[in-house]
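Read the figures in this text as sums done on the coordinates, not as results from a lab. In this text the structure is predicted, and so the values were computed from the model without any measurement. Methodologically, a virtual Cβ is constructed for each residue, glycine included, from the backbone with ideal geometry; neighbour enumeration extends over all protein chains shown.
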Amino acid sequence: MGLGLVMIIVVAATLAAAEACPPSDRAALMAFKAALHEPHLGIFNSWTGTDCCKNWYGVSCDQGTRRVADINLRGESEDPIFERAHRTGYMTGYISPAICKLPRLSSVTIADWKGITGVIPQCITALPFLRILDLIGNKIGGPIPVGIGRLRRLTVLNIADNLISGPIPASITNLSSLMHLDLRNNRISGGLPRDFHRLGMLSRALLSRNQISGTIPPSISSIYRLADLDLSLNRLEGPIPESLGKMAVLATLNLDGNMVSGNIPASLMNSAIGNLNLSRNKLEGRIPNVFGPRSYFTVLDLSYNKLTGPIPKSISSASYIGHMDLSHNQLCGPIPAGSPFDHLEASSFTYNACLCGKPLKAC
């Protein structure tokens with residue numbers, strides 16, 4: 001073999017080694033894999049060879065540094081590996097702390113595997129470049145890591161549909177880049193952080209189906225970008241802050257299934273909110289008679305409260321009301337004629353004190 005050919009082979013081997021992921025990243029991924037068991041699809045079958053940046057399913061690397069940047073493993077996907085198996089994914093095991101030995105991780109998605117247990121590794125809060133943490137749809141328990149606020153670049157935190165317990169850590173309000181917070185359907189308890197408003201970039205806060213107690217902090221209304229606030233099916237009490245109706249882009253406010261009390265703030269009826277669900281609470285007093293052209297509701301649900309008095313005539317001046325439910329209150333008097341009442345069914349008005357007129361019996 002000529003010297004030139006030997007040099008070419010050596011250079012090629014050197015370049016290949018330089019382009020491969022570091023052995024430390026490969027070792028971390030193999031330890032991560034060892035803690036998980038996926039029996040049906042064989043998604044880890046491709047995790048072979050020395051270069052974890054090349055054709056390892058769900059693994060992506062930074063093109064410049066060749067460090068592992070993304071782990072994207074979804075149990076519900078249109079990827080051909082799922083199409084061929086004619087099934088969604090199922091995986092057991094736990095998320096190994098070895099994942100924390102991948103210092104350049106930008107996103108971690110381990111979603112909808114249904115059987116992954118264990119806890120969120122505390123050390124994950126030491127990954128300085130992490131932007132996305134999506135663990136939805138597993139059986140992960142334990143608390144949200146107390147140091148979660150160290151992840152200053154985090155934009156998405158989605159741990160919905162798990163068995164997470166304990167309080168929302170106070171440090172979460174340090175996540176100044178957070179845009180999407182989804183904690184739905186867990187066992188989270190305690191109150192909302194008083195300084196929740198520090199999440200200044202937040203556009204969606206989905207916290208339904210937990211055991212969150214205390215009151216709704218009025219300061220939430222200073223989160224300018226917040227468009228979707230879902231606090232339903234918790235244990236919240238006290239009044240609804242009037243300031244929520246003055247938010248510029250809040251389009252969905254869902255508070256149903258709590259113990260919220262007091263009057264309905266008039267501001268909610270003439271705001272940017274188009275989906276308003278206040279059902280199954282302890283609200284009392286009259287429905288504010290302040291509807292106008294700015295009132296546009298695809299859903300307006302005030303059912304199962306203790307509301308009294310008549311249905312306000314100003315509802316007829318709303319721009320649009322799609323679905324409205326005023327049932328199971330203590331309302332009384334004639335149901336106004338015309339839109340939107342002419343397209344609503346009797347079930348929207350039943351179980352009140354003395355409502356009458358179409359679609360109920362005549363007055």
Hey, if you put +1 on the Cβ of every Lys and Arg and -1 on every Asp and Glu Cβ in segment 58-356, which of ILE321, SER165, GLY338 ends up farthest toward the positive end of that dipole?
SER165
For labels at GLU76 and CYS332 in the simple 7 Å Cα→Cβ model, what's the distance in nm?
4.8 nm
In degrees, nearest 10, the alpha-carbon axis of helix 23-34 is tilted away from the dominant principal axis of the alpha carbons of the chain by 60 degrees
Charge-dipole axis of the chain as Lys and Arg at +1 and Asp and Glu at -1 on Cβ define it, positive-most pick from CYS21, HIS180, ASN55:
HIS180
Among the lysines in the chain, how many pairs, 8 or more places apart or on different chains, have alpha carbons under 28 Å apart?
20
Fraction of antiparallel bridges per DSSP, the chain only, in percent to nearest 5:
10 percent
Dipole of segment 58-356 (Lys/Arg Cβ +1, Asp/Glu Cβ -1, origin at the Cα centre): which of ILE223, THR65, GLY75 lies farthest to the positive side?
THR65
Crossing angle, helix 3-19 versus the chain [Cα axis fit, 0-90 degrees, rounded to tens]
20 degrees
Within the chain, helix-based [θ] at 222 nm, where runs of 4 or more DSSP H residues each add -39,500 (n - 2.57), nearest 500
-3000 deg cm²/dmol
Loop-resident trypsin sites (Lys or Arg not before Pro) in segment 53-98 with no more than 12 other Cβ atoms inside 10 Å, DSSP not H/G/I/E/B, are ARG87
Dipole of the chain, Cα-centred, from +1 at each Lys and Arg C-beta and -1 at each Asp and Glu C-beta, to the nearest 20 debye?
640 debye
DSSP loop GluC sites (Glu not before Pro) with at most 15 other Cβ within 10 Å excluded, longest remaining stretch of the chain:
79-344
Using the Cβ atoms and a cut-off under 15 Å, what net charge is assigned to the surroundings of LEU360, where Lys and Arg are +1 and Asp and Glu are -1?
-1
